[in-house]
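One structure is given below, encoded as structure tokens.
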Amino acid sequence: MFIGGVGMLLMVLFWGALIALAVWTVIRLSHSDATAPLRVRNNPLDLAKERYARGEISKEEFYRIKKDLA
């Protein structure tokens, strides 16, 4: 009876670990897909556009940056 109980406990631990690994994998993959567009979007020209839109740089500075990046 003791050996059967240990076997059952090991089986529950095995399946619990397998399910936890599957959940962790799904969460990890969904987070990397959600953040991927942010990494692509943050190129220097887009950053300059955002800074110009927020008023951090002048029109002349924006065009100078744009010319330098071309």
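Some notes on this structure:
- Cβ-derived FRET efficiency at R0 35 Å, residue 10 paired with residue 31, nearest 0.05: 0.65
- 14 Å beta-carbon shell around residue 60, net charge (K/R +1, D/E -1): +2
- Straightening the chain between residue 68 and residue 24 buys 11.5 nm, computed as 0.36 nm per residue apart minus the Cα-Cα spacing.
- For residue 57, residues with placed amide H under 5 Å, excluding near neighbours: 52
- Packing rank of 46-59, 14-27, where each peptide gets the mean count of other beta carbons within 10 Å, highest leading: 46-59, 14-27
Readers should treat all values here as calculations from the given coordinates under stated rules, not as data from a laboratory. In this text the structure is predicted, and so the values were computed from the model without any measurement. For neighbour counting, all protein chains shown are included, and Cβ atoms are generated from backbone atoms with ideal geometry for every residue, glycine included.
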